[in-house]
Structures are given as structure tokens and as C-alpha cells.
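The values are calculated or read from the model by the stated rules, or taken from the named source; none is laboratory data. In this text, all values refer to a predicted model and were calculated from it rather than measured experimentally. Neighbour counts run over all protein chains shown; Cβ positions are idealised from the backbone, glycine included. Quick note on the areas: whole protein, heavy atoms, side chains included, nothing else; ligands and nucleic acids left out. Shrake-Rupley method; radii C 1.70, N 1.55, O 1.52, S 1.80 Å.
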Amino acid sequence: MKAQNLPVDYTEKVKAKIMGWGADIVGVADAEPLKALRTDPPDLLNPFTRAISIAVQMPVAVFEMISDKPTPIYASVYQTANRILDEIAFRTAIMLQTDGFFSLPIPASQVLDKKDWYGAISHKAVARMAGLGWQGKNLLLITPRYGSRVRLATILTKAPLNADAPVENRCGKCTSCKDACPVGAIKGVTTQSHYESRDEAMFFSRCAEKLEEDFAKLPEIGTQICGICIKVCPFGRKKD
Ligand code: B12
């Protein structure tokens, strides 16, 4: 399909399809400002003009079961969320490709640099620029409706979609994540746009080392997860 033959509401049609496949939030970012991000490969974004961000919510109850360490149920549900996201991203890329637009799904949770901890592109940065939420004090993407209890994936595309705009940071004076972090990794600094580096928001190595050296080695966990700063975020924390 050529851009000039597209229905006027093509962006809305694409978003509705993605929601129908199980996403809870979808937004579109202009790819241009994202070119300032470190990506793997470095020219990852070159062919693309838009980045679609998709989020699936996580069950609140899974996090309410967490007290001081990740639970085996969280470890399993985390994998399920990644599978759902990867499938939606795959289907979206194929749908856009069928419509004539070069498109690439970026896996939900693939780590490409295990020394410095980088993926192909930061899903949080894409989600923030696509208006899904803001970058909270815990460095995570916080959405008004689900807090940080969302997992994310990205589809890079040449489809001429209308881009959304970032939303305002609403963390305010809240320090719930900083107070709850078992290794004191969160500094409690807020940003109106985004942090220049992870270290501006966190004592990053404290978080990474706790996850790698302790939590990932627990029985039935096996991966770098925690969940505590996600659990305590007041946005969307309904228990009934
Ligand atoms: C490697 C990795 C890790 C590493 C390193 C984490 C890190 N902070 O980078 C380890 C193993 C420690 C880790 C831990 C966790 N992770 Co992790 N991780 C990833 C992974 C695979 C890559 C992250 C990456 O490349 N980061 C690079 C850094 C520099 O980017 P960043 O953290 O996003 O921060 C920068 C940008 O966002 C930038 N930015 C923001 N907006 C904009 C806009 C523009 C224009 C620009 C230029 C920049 C910019 O500002 C920040 C500072 O530079 C992503 C998946 C992915 N591909 O994104 C998941 C991901 C970030 N992890 C996730 C989660 C949930 C976690 C944990 C909570 C564990 C858990 N599951 O319980 C912890 C929490 C850590 C924390 N508080 O930050 C989720 C976050 C979801 C959310 N709601 O935000 C992701 C997105 C996975 C997913 N599919 O949902 N993770």
C-alpha cells in the first residue's frame, strides 16, 4: 500500500489491531529524537521514521505477593508477558510489512551487552516519547493507569503513522520506590524529561549486582528480576 492510498485513520486502525492482539497501551514515537540513544547495532534506527511502543499490564496480585525478593510466580508471569509482547510485536511488524512498510520487531527482554547491560534499544525511551508514561524515580516507565506494572516492546517502522507526544512526570514528592529498594539503589531524583544517564537516577551497580548475584541465583527465579520498586508504585496499585 502506498502512503497516498492509506485511509485517513490508518494510525487508529493500526493501534486498534494492536490493542485487539492483547496490548493494554499503544503509542507512536517520532524516530528522529531517538537517534540520540545508544542502539545495537548503532545504525538500528537509520531506516525507520516511527517507533511503536506497546505495553501489557502485569497482574497487581503478583507484585503484592513480593516482600523482600522476587517470587517464582513473578519469574513465570514475567516470561509470559515477554512472550505475549514478542508475539504482538511480530504480528504488528508483519501487518505493516504486508501494507508495504519496512518494519522490525524488537524483542521485549533481550540483553545484547551483558557487561554494561544494554538491549537493542531502550523500550522505556520509546514508550516515553510515544506518550505511554514518564520516566519515574525508579528509572522505569510509569503509566498513569498501571504504574510501572507494565512490560514493554517496540516495533520500528517506515509506516507514516501520526506520532504521539510525551506526557508530564507525575511522581511529585513521592519516594515510595526509593524507600522500598532493598539495596538503596534509587537516589530519589526526579526528571521532567529523561535522565542523561542511569547513574543520575540510581546507584545503578547496586541494582544490577543485587539482581545478578543474588536474586537470579534463587531457586525457581533464574533471571535478573526484583519487582519491589514496581510493587510499591502508587499509580494503579489497587488491591481489591
Ligand atoms: C538490560 C536490562 C536490564 C539490566 C539493566 C537495567 C537498566 N536500567 O538499564 C538489569 C538486569 C539490571 C535490569 C533490571 C531491571 N529491569 Co530491565 N531491562 C533491560 C533491557 C533488556 C535493556 C535496557 C537498556 O538497554 N538500558 C539502557 C539504558 C541507558 O536505558 P534506560 O534504562 O531506558 O534509561 C535511559 C533511557 O530511558 C533514556 N531516555 C528516556 N527517554 C528518552 C528520550 C530520548 C529522546 C533519549 C535520547 C533518551 C531517553 O534515559 C535513561 C538514561 O539514559 C530492557 C529491555 C529494553 N530493550 O529496553 C529491560 C527493561 C528496561 N527492564 C525492565 C524491568 C521491569 C526491570 C526490573 C524492574 C527487573 C524486574 N523485571 O523486576 C529491573 C529494574 C531496574 C531499574 N530500576 O532500572 C522493563 C521496564 C518496564 C518499565 N515499566 O519500565 C524493560 C523495559 C523490559 C520490558 N520488556 O518491559 N534490566
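Remarks
- For the range 107-116, 3J(HN,Hα) computed residue by residue from phi via the Karplus equation (6.51, -1.76, 1.60; θ = phi - 60°) reads x, 4, 9, 8, 9, 9, 10, 7, 7, 9 Hz, glycine and proline entered as x.
- Whole-angstrom gap from the range 1-67 to the range 216-230, using each part's C-alpha centre: 26
- The accessible area of S67, taken with all protein chains in place and a 1.4 Å probe, comes to roughly 90 Å².
- ³J(HN,Hα) computed for each position of the range 30-44 - Karplus, 6.51 cos²θ - 1.76 cosθ + 1.60, integer Hz, glycine/proline x: 5, 6, 4, x, 6, 5, 6, 6, 6, 10, 9, x, x, 9, 3
- With pairing defined as another cysteine C-beta under 4.7 Å, the cysteines of the chain that fail it are C171, C174, C181, C207, C226, C233.
- On Cα atoms only, tilt of 10-20 relative to the major axis of the chain in degrees: 40
- Report note on the peptides 111-122, 184-195, 130-141: ranked by the mean count of other C-beta atoms within 10 Å, highest first, their order is 130-141, 184-195, 111-122.
- Only protein atoms count toward the accessible area here, which uses a 1.4 Å probe; on the chain, the carbon and sulfur part of that area reaches 53 percent.
- Counting heavy atoms of the protein chains alone, D199 has an accessible area of about 90 Å² for a 1.4 Å probe.
- Surface analysis of the range 3-231 yields an accessible area of 48 Å² per residue, using protein heavy atoms and a 1.4 Å probe.
- The magnitude of the dipole of the chain, with charges of +1 and -1 set on the Cβ of Lys/Arg and Asp/Glu and taken from the Cα centre, is near 420 debye.
- Candidates E196, E212, E32, ranked by Gaussian network fluctuation over the chain, Cα under 10 Å, top entry: E196
- Ligands, DNA and RNA aside, E168 has an accessible area near 140 Å² when probed at 1.4 Å.
- Environment charge of K173, counting only residues whose C-beta is closer than 14 Å and scoring Lys/Arg +1, Asp/Glu -1: +2
- Amide N proximity, the range 53-72 versus D24 label position 7 Å along Cα-to-Cβ, cut-off under 20 Å: 53-67, 70-72
- In nm, spacing of pseudo-spin labels at K114 and E32 (7 Å Cα→C-beta vector): 4.0
- Listed pairs K114/K238; K15/K114; K15/K173; K69/K173; K124/K158; K13/K178 exceeding 31 Å between Cα atoms: K114/K238; K15/K114; K15/K173; K13/K178
- Acute angle (nearest 10 degrees) that the helix 72-98 long axis makes with the longest principal axis of the chain, alpha-carbon atoms: 10
- A helix-only calculation puts the chain at -8000 deg cm²/dmol for mean residue ellipticity at 222 nm, using -39500 (n - 2.57) for each DSSP H run of at least four residues, averaged over all residues.
- Under 5 Å, built H, 5+ apart or other chain: amide partners of I225: A216
- Dipole of the chain, positive end: most advanced residue of G147, P160, C226 [Cβ charges, Cα centre]: G147
- For the residues A201, A29, A16, a GNM of the chain with alpha-carbon springs under 10 Å puts the largest fluctuation on A16.
- Residues whose amide H falls under 5 Å from that of G27, counting only those 5 or more places apart or on a different chain, are S53, with hydrogens built in the peptide plane.
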